[in-house]
1. In region 87-121, how many residues are under 23 Å from Gly20 (Cβ atoms) and part of a loop (DSSP other than H, G, I, E, B)?
2. For a quick check of your reading: which helices (runs of 4 or more DSSP H) sit entirely within region 161-238 and have at least 3 residues that are free of Cβ contacts under 8 Å to residues at least 40 places away in the same chain?
3. List the number of the failed condition for Ala51; all other conditions in (1) in contact (Cβ under 8 Å) with a residue 24 or more places away in the chain; (2) out of contact with any Asp or Glu (no Cβ under 9 Å at 6 or more places or on another chain); (3) farther than 30 Å from Leu192 by Cα hold.
4. Return the only residue of Arg76, Arg59, Arg9 being loosely packed, with under 14 Cβ neighbours inside 10 Å and not acidic (Asp, Glu).
5. Quick check: is even one residue across region 123-134 more than 15 Å from the ligand (Cβ to nearest atom) and surrounded by fewer than 20 Cβ atoms within 10 Å (Cβ to Cβ)?
6. Among the numbered criteria (1) in contact (Cβ under 8 Å) with a residue 12 or more places away in the chain; (2) away from the ligand (no atom under 12 Å from the Cβ); (3) of a type in the set (Asp, Glu), which one does Asp15 miss?
7. Can you find a residue in region 56-63 that is modelled with pLDDT under 95 and either more than 12 Å from the ligand (Cβ to nearest atom) or over 22 Å from Ala160 (Cβ atoms) (or both)?
8. Looking at Arg97, Arg148 in this structure, which one is closer than 25 Å to Ile223 by Cβ, at pLDDT 95 or above, among the charged types (D, E, K, R) and within 18 Å of the chain's Cα centre (by Cα)?
Amino acid sequence: MPALLEAYRTGEGVDWADYGPDVIEAQAALNRPQFANYIGDWISALPDIAAKLRGGGGRVADVACGTGWSSISIARAFPGVKVDGLDIDAGSIERARMHAGREGVDDRVSFLFADAADAEGEGRYDLVTIFEAVHDMAQPTMVLAAARRLLKPSGAVLIADERVAEVFTAPGDDTERLFYGYSVVSCLANGLADQPSVGTGTVLRPAALESIAREAGFSGFTILPIKHDAFRFYRLDP
Ligand SMILES: C[S@@+](CC[C@H](N)C(=O)[O-])C[C@H]1O[C@@H](n2cnc3c(N)ncnc32)[C@H](O)[C@@H]1O
């Protein structure tokens, strides 16, 4: 909290690592059950991509993978697929490697400590996933442009980000309030830690994400018909 107060005084941010291990593990614990149970269904909303992954091969880049549970769950849902998770937070990657080893999938799942904007592996991936992280990125356009470069010509990006209202309204509903709460105490300050930053914060509305995706060069932007209380899912085509 003192670091957060200081950040609002100076306009600087708070690094994700400075939130401490409890916050990193809470984020992981919050999303892990749904990754374990639903990630196959979410990817099946991209039928052409899911068919390729079910074919027994294929490669997925899980951008901003945090502690790795999404990457591990993708490997479980699609046996035979290789998953490369990457994240800019060293402590998360350390945990991700430990989780993959413990879960026995480290022959197909690997993790890299890197800024996704500099990701390498042009034209290598059938699918790039980004779960609950575009709004945290200092330079989301650069990251999405990198994600586009990673794709095979027939590949696609799957993004899950918060299901906030399509336009700002006052007073906001419970979902808006929840996500603005997260924004003020976590995502906005975290996004500002890495300068220069566009300072998005948790409330990333579909029109804003579409304009980032178009700027990054994507020609296709589709909101997927996946029912979820907190996430909205997007498909980007190169
Ligand atoms: C809210 S967490 C989500 C983690 C995980 N995807 C999940 O759903 O639990 C946001 C993650 O984005 C990562 N991140 C932010 N900017 C990044 C960048 N430029 N490259 C790679 N990872 C980034 C952070 O380190 C953090 O792990």
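The values are calculated or read from the model by the stated rules, or taken from the named source; none is laboratory data. Only a predicted model underlies this, so the values are computations on that prediction, with no experimental measurement involved. All Cβ positions, glycine included, derive from the backbone under ideal geometry; neighbour counts span all protein chains shown.
1. 4
2. So the answer is 174-182, 206-215.
3. (1)
4. None of the others qualify; the one that does is Arg9.
5. So far as region 123-134 goes, yes, one or more of its residues are more than 15 Å from the ligand (Cβ to nearest atom) and surrounded by fewer than 20 Cβ atoms within 10 Å (Cβ to Cβ).
6. Only one criterion in (1) in contact (Cβ under 8 Å) with a residue 12 or more places away in the chain; (2) away from the ligand (no atom under 12 Å from the Cβ); (3) of a type in the set (Asp, Glu) is unmet by Asp15, namely (2).
7. yes
8. Testing whether each residue is closer than 25 Å to Ile223 by Cβ, at pLDDT 95 or above, among the charged types (D, E, K, R) and within 18 Å of the chain's Cα centre (by Cα) leaves just Arg148.
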